[in-house]
Amino acid sequence: MPKVLSFITTFSLIITFCGLSPQTAKAVTNPVLGDSCGIDMVLVMDTSTSVTGSGMTGDLGQMKKSFDSFVDSLLPSTPAKIAIVSFDDSAVLQHPFDSDPTLIKKAINGVDGDGYTNWESAIAKAHSQFSNDGKPHLIVFTSDGNPTVSSAGPSNLNQPNNHLKPAEVQAASAWSDGIRIITLGIGADINIANLQAISSADASFTTTNFTTLGDDLQGIVTNLCGGSIITRKVIDTDGDLSTTADQIPGEGWNFNIAGVLATTDNDGKTDAISVTKKAGPFNVTEISQPGYVPIYVSCVNTTTGAPVGVAELQDMVTNINLSKDDIISCTFYSKPGIPPTGTLSAGDCEIGLDKNSCNTTLNWNTENPVNVSSITTPVNTTVATGNSGTKSYPVIFGEKTFYLYNNSAQNTAPIAEATATATCSPGTAWDNTKCAKIIVTSGTLDVDSGSGGGGNGGGGMNVDSCTIKVGESTCKTTLVIHIENPVPGAETDITKAGNIEVAKGLNPAIKPNIIVDYPSTTFFLNHDGKTLASKTVNAVCEAGSTWDGTKCATTVVDGYWKESCGECDQSSCRQQCSRICIPPKGGGADCPGKGLRPGNYSISCTEGICGGNGELNIKFSAAPTKIFKGKSTTLTWSSSGDSCIGSTNNSEVFDTGGSSSGSVVVSPKVTTTYTVTCTDKERGGITETKEVTIKVDTLTIIEK
């Protein structure tokens, strides 16, 4: 006969034996469950035809009610998390791990099904929900029938059959990951040996029907969490407890629970603190955080539903009494005081050679925080948590923006943001995958200083010019090229205006016989389609020649006289001079001056040395210089020239007779300027002038 479930008295031995953590138990038998109220649990519900056939008023409805009560016993008062899996022909995940009792019960009450009983699929699906989070792991497996279908073959309602073995394989896999399986068989048809095959003798139970399942499940809660105090922290953002949509779990809050310091997790719950070995009554005290105001606190015995303890100033409950089977859940509510503000900085960084990222340094601080702050990058990648801190974080080439959130569970806007820029370090450049070394191709183009210069094979030259010979229109130079880091296989050439190629190839570097056009030509060094350098070379006509528009031609120079004189003889006031003719060139005209010839001669000294006036030493005066109309004055002149002539600025006559010296009486009728102009033909026909003005007044006679 199968043993009937005496769950409440038996389960305490199952979960407390040895106290091993399921994460360290790596056995091929059903592992022992660690003594922890903070448990991850998968409730596995049989929805095969035998259960669902009776509808919501039958076994399935009773199973849902029992599981609902079970969830209410654990949540939200304990740190447990529950997932829901149902099965018939195959298993379905109805709800992932969660601590929200409303959502979990909604999933339970939405379960339906019809079909055979597939234990293999149910255990495999439940097993796949767990992660290595350090908590005890438990599968509560309920069924009212034996396995009738699996991966072993077609369905078979007869017992025994070949569908138990695949379920045993899946159970052993779960055990090896430290997951304990408790099986609850409901009804007289279930085979206890089958249940033990997927769990163990100390974890397999049967009950007569689904009506007692709720009491049996409650036994799990009592033995997991009995004799403990659990604290929840809730942030009520609007400060109104009658509205709950704005309430969020308070993570990172510290409480003194019966002398034990406990901290809330991301669900706002502390671990269950067992007080069975201590003498009560007990106190629970909240350790306040800046920026919050406590508004309400309550403690409830979840076993009986009765309030316990005495609330003190909304942040402490005293005088809490409980038995070893009681679970006390205390909930503390606070509202934000001052809205949180924050600062965030992200320093720029340089990426090293052959790297694709560098580390920025994040610095942040949150004032008046609500819960714990977080630093994120798009899209919702959390890089750091805490209300202040410093952290190094990699940034790939380009920009990365970081956001400081506080109370992000309410999808609030960031309270600060910062952008870090990652650039390649000097000497490197981004090649779409990394910062690679920059290979710069550069070049020079020069005139070969050792080419000897010369235009078309002769004459001297400056390194930046060449010489065009008489009768030629161009000259030649030698260019030298040099390219640093040439691109393999790339073309190299030298061009001039109009993209006319004058030389080609990287080697040899010396390019002789490059033609330079008058007056200059600019050459360009090109490599891999880029101009690396340029050089302008001047083309000049050789000495004695000039450009005539088409070529360098001999320069035409007329002949000219070259004269030189010695020092002035003060006694005679004359200088000894000589004259020579510089002959013409290129068919130019002879020395000017008809009748002039080379030789020696003497001239009067210049004015200022012996009182003279210029080279011809003209002296010109009038006495008197002011007369009345009808009167006369005498003009006197002298010169060292050959001859002198006279002239006036009006119709008056001044006749010197061509003499180089003399005097003449004149009687101008009006004020007149007289000019004497003297010439010396022997000295190349030099001419000098001098002026004198006679003022003429009118005599007026007044009769009486």
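The values are calculated or read from the model by the stated rules, or taken from the named source; none is laboratory data. Just so we're clear, the structure is a prediction, and the values are computed from it rather than from any experiment. Here the Cβ is made from the backbone with ideal geometry for all residues, glycine too, and neighbour counts use every protein chain on show. Surface accessibility is based on the protein's heavy atoms, side chains included, excluding ligands, DNA and RNA. Shrake-Rupley method; radii C 1.70, N 1.55, O 1.52, S 1.80 Å.
Of note:
- Over the chain, dividing the summed -39,500 (n - 2.57) contributions of all DSSP H runs of at least 4 residues by the number of residues returns a 222 nm mean residue ellipticity of -3500 deg cm²/dmol.
- Between 0 and 90°, nearest 10: helix 213-225 axis offset from the chain longest Cα axis: 60 degrees
- Packing-based ranking, highest mean first, of 424-431, 83-90 given that Cβ atoms within 10 Å are counted: 83-90, 424-431
- Residues in region 329-348 reached by a label modelled at V383 [backbone nitrogen below 17 Å; 7 Å Cα→Cβ]: 343-348
- Reachable lysines, given that their alpha-carbon falls under 19 Å from the alpha-carbon of K400 and they are not under 8 places away in the same chain: K355, K391, K434
- Rough spin-label spacing in nm, given labels placed 7 Å along Cα→Cβ, for A311 and S242: 1.6 nm
- A dipole drawn for the chain from +1 and -1 charges on Cβ atoms has a positive end, and of V92, W364, F130 the residue lying farthest that way is W364.
- Mean Cα-pair separation over length for the chain, i.e. relative contact order, pairs under 8 Å, 6 or more apart, %: 7 percent
- Antiparallel DSSP beta bridges within the chain, percent to nearest 5: 75 percent
- Aspartates and glutamates whose Cα lies under 19 Å from that of K496, excluding same-chain neighbours fewer than 8 positions away: D446, D448, D464, D517, D528
- Crossing angle, helix 7-16 versus the chain [Cα axis fit, 0-90 degrees, rounded to tens]: 50 degrees
- Protein heavy-atom surface of the chain, 1.4 angstrom probe: 51% of the accessible area is carbon and sulfur, with nucleic acids and ligands not counted.
- Which labelled figure in (i) 91, 72, 53; (ii) 176, 89, 44; (iii) 80, 66, 55 is Cα extents along the principal axes in Å, once derived from the coordinates: (ii)
- Lys/Arg +1, Asp/Glu -1 at C-beta; the chain dipole; positive extreme among S659, F402, Y333: S659
- Cβ crowding within 10 Å averaged over residues, with 534-541, 325-332, 547-554, 131-138 ranked highest first: 325-332, 534-541, 131-138, 547-554
- Treating r as the C-beta distance of T698 and S643 and R0 as 41 Å, the FRET efficiency rounds to 0.70.
- Highest average packing first - 190-203, 489-502, Cβ atoms within 10 Å: 190-203, 489-502
- Sequence-distant lysines (8 or more away, or on other chains) whose Cα lies within less than 29 Å of K690: K562, K594, K619, K626, K629, K631, K669, K681
- Dipole size of the chain about its Cα centre, with +1 on Lys/Arg Cβ and -1 on Asp/Glu Cβ: approximately 3080 debye, rounded to the nearest 20.
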